[in-house]
């Protein structure tokens, strides 16, 4: 303490950190309980499925909805393409910092592939393994950028009710004819227990109140909005005052790997390539015999069935390991930013950077290991 008081620089830093911490606590959701909360903001809608940004694109294969995870996926691919072109156009015999960094990562993965699969097979596996790694890293790290997921469109109560299973809900603010803002049903409509259960669940769902009539809104420090349930909204007949409306914020951007469809697609692609390499290296009977083994009697056949089940389990494991870790991390960052704005997410940013890197490395390395295993026969002999 004496050293701290005797050093003006250390004392100044301590005072600044303490002041920022106090402002963060009092200005966040915790301070809002005491009538402060001047930095608090509303939380965007948190749900497992990816949210629809633009609905109803027509394609020859049918109507297509643009999801926010699709937008982030394209952005990640654009970033990787731009980086690749930048490095390629600046290749030098004496590498600069960016070129040296890429060469270091490239050589590390190539050496790793060679140590696991051997030099000859590593050249086959490396392009996919490295692409998976670098894409997952960029997609994961994009999701923790400041402001990511804070700008989006406002979903109205009808869309929210539809998402919660009530497909006949009529928004009292828009309905031309209604009674007390309740759902409009045709005469003689029989009571449906399932529908009633949906309605009971919907009545407690909270809506945020947004200022302005535009379809786009954003969350910023100090933008904590009022909240009301569907029941309260209907009692008010959807009337919230001039220039206000209720709904949920659907962010335009959401980390690609928080969508289980994305992680499932990567898992399927990885395993298809694993078996392609297996058939290509061992031949159809060499690789297929691992799963349909009639030569070794009932035990061999049973072992083949177990091998087949394990391949399916690998797809599931691939999918939910990456999805679960990234989704949980983003929810954690969102919650800490809500409770303690300014400093709440700082300790967790480093953790999420590490988790995003490790999950990419695990996915890529497991793909490499499975490919290496698939290219070796049960007897342990390699086929060339």
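Please treat every number below as a calculation from the coordinates, not as lab data. For clarity, every value in this text was computed on a predicted model and none was experimentally measured. Cβ atoms come from the backbone with ideal geometry, glycine included; neighbour counts cover every protein chain shown.
Which FRET efficiency, nearest 0.05, do residue 81 and residue 226 yield, Cβ-Cβ r, R0 41 Å?
About 0.40, to the nearest 0.05.
Could you sort the peptides 298-310, 360-372, 103-115 by per-residue average Cβ neighbour count (10 Å cutoff), highest mean leading?
Final packing ranking: 360-372, 103-115, 298-310.
Report the FRET efficiency, 1/(1 + (r/R0)^6), for residue 22 and residue 108, where r is their Cβ-Cβ distance and R0 is 41 Å, rounded to 0.05.
0.40
Kindly provide log₁₀ I(q)/I(0) values, in the same order as q = 0.17, 0.22, 0.29, 0.32 Å⁻¹, from the Debye equation applied to equal alpha-carbon scatterers of the stretch 97-139.
-0.47, -0.73, -1.00, -1.07
Quick one: if the Förster radius is 41 Å, what FRET efficiency do residue 268 and residue 235 give, using the C-beta to C-beta distance and rounding to 0.05?
0.30
Post the alpha-carbon centroid distance, the stretch 279-345 to the stretch 64-121, in whole angstrom.
After rounding, the separation between the Cα centres reads 24 Å.
Got a sec? How would 377, 204, 217 order by Cβ neighbour count within 10 Å, fewest to most?
204, 377, 217
Please arrange 163, 287 by counting, for each residue, the other beta carbons lying within 10 Å of its beta carbon, fewest first.
With the sparsest Cβ surroundings first, the list reads 163, 287.
So for 120, 352, 93, fewest C-beta neighbours within 10 Å to most, what's the order?
93, 120, 352
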